[in-house]
Each structure stands twice: as C-alpha cells, then as structure tokens.
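The values are calculated or read from the model by the stated rules, or taken from the named source; none is laboratory data. These numbers were taken from a predicted model, which means no experiment stands behind them. Glycine gets a Cβ as well: all are built from the backbone with ideal geometry, and neighbour counts include every protein chain shown. These accessible areas exclude ligands, DNA and RNA; they are computed on the full protein's heavy atoms, side chains included. Shrake-Rupley method; radii C 1.70, N 1.55, O 1.52, S 1.80 Å.
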Amino acid sequence: VRIVFSALLVALPGAVLLAIILVWRDLSWNVLGVFIAVAFFATLALALRLRNRVVYPLYTLSNLLEALREGDFSLRGSRARRDDPIGEVIWEINTLSQTLRDQRHKVEETSALLSKVIGATDIAIFAFDDHRRLRLINPAGERLLARHATDLMGQTAEKLGVAEFLKLDDAQIHNFAFPGGSGRFEIRRGRFREGGRPLDLLVVADLSHAARSSSRKAR
C-alpha cells in the first residue's frame with residue numbers, strides 16, 4: 001500500500017500542473033515556467049523517495065540472501081515490518097537466519113560431544129572415503145595402527161592393511177595382527193554421510209583385551 005501511495009504521489013505534481021494550465025490558460029510564460037520547474041523538481045524528489053522505498057530494501061534482501069548462501073547467519077535486516085510485502089520478506093529471512101543459526105549451534109554441540117565420546121572409547125574407529133582413503137580415526141585406532149593420525153590421514157585402506165574389512169557385510173570376528181597388537185577382534189562395517197560425502201565406517205573391537213580386563217576383574 002505504501003509503495004502504491006508513493007507511486008501515486010510521483011504523478012501528483014504533474015497532475016497539479018495540468019490542472020493549473022487548464023484553469024488559468026492566460027498564464028504568462030514566465031509564471032508557467034516557474035510552475036513547470038516546481039512540478040519537475042517535486043516529481044524528481046518524489047521519484048527519488050519512491051526509489052529509496054523500493055531499491056534499498058531490495059539491496060537489503062540481496063545482502064541477507066548472500067549472507068545465507070555464505071553461511072553467515074548473524075546478519076539481520078533492519079527494515080523488517082509486518083505492514084508491507086518487502087518488510088515481511090525481510091522479517092521471514094531474519095527468522096530463517098535465526099533458525100539456521102540455532103540449528104548450527106546444536107549441530108556443533110552434538111559434534112563436539114560425539115568427538116569426545118569417540119575419543120574416549122577403547123574401540124578403534126576408522127572412516128574411509130569413496131577412494132578408500134582414511135578421513136577419520138580416533139585415538140584407539142591410532143594405538144591399534146601404532147602411528148599418529150597426522151601420518152595416517154589420507155592413506156589408503158590397502159596401505160593400512162584393512163582393505164579386506166571394507167568388504168564385510170556383517171559383523172565378524174577375526175584373529176588379526178595389527179601393528180599395535182594382535183588378538184581376536186570383532187569388526188563391523190557401516191556407511192554414513194558427512195557433508196554430503198558417503199564414508200565407510202570401520203569399527204574394530206579388541207575382544208582379547210576385553211577378555212583380559214574381565215579376567216583381571218574376576219581375580
């Protein structure tokens with residue numbers, strides 16, 4: 001409504017000038033020139049006002065959408081109103097940004113908790129990409145392979161000696177000698193996605209270690 005009203009105001013000076021010409025037809029050219037100049041500058045001022053009402057909110061929308069595309073959910077539009085269409089769009093984008101920001105915080109908190117759990121477990125965990133290159137390993141996996149994660153990341157499953165386990169469909173128990181120790185291991189393979197990428201998850205539980213721990217506790 002405001003934009004329509006502003007558009008009608010732009011035409012008002014011209015309409016007033018036309019009415020003056022029709023009513024006072026005997027106006028001198030000097031007086032008529034003054035009226036024309038006033039009408040022109042008034043129309044120009046109203047047109048610029050209308051431009052500000054329409055273009056600046058569109059710039060705001062563009063900046064907000066660009067921020068969303070780049071993952072910046074902190075930017076907010078200051079022209080959010082419920083009484084005009086553009087203001088409502090800005091309002092909805094602000095609400096969407098807040099929702100996405102809250103969801104990101106929840107995901108970050110969940111990821112941090114999951115990382116702590118994975119790091120604290122005694123079960124070795126590996127994740128390989130579709131080229132069978134190692135993309136994730138926990139401290140138990142490092143101990144099992146007797147190497148630090150910085151040396152292991154990016155290595156293929158073949159080089160790490162676990163390629164045969166990536167073919168498993170069900171959990172199986174194997175006697176196997178890893179660089180960090182040998183014994184009976186329960187090996188499970190699964191699939192998950194991270195950042196849209198499919199990854200093969202390999203979980204290796206040392207049954208010999210669990211048996212030894214149970215034996216010590218029994219004593």
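Just the protein heavy atoms count here, and of the accessible area of the stretch 128-189 at 1.4 Å, carbon and sulfur take up 44 percent. Against the compact-protein benchmark of 2.2 N^0.38 Å, the Cα-based radius of gyration of the stretch 64-165 scales to 1.71. Built from the Cα atoms of the stretch 103-207, the convex hull projects on average onto 6.7 nm², one quarter of its surface area.
Distance from the alpha carbon centroid of the stretch 146-196 to that of the stretch 54-126 works out to 37 angstrom. Take each peptide in 59-71, 88-100, count the other Cβ atoms within 10 Å of every residue, and average; sorted highest first, the result is 88-100, 59-71.
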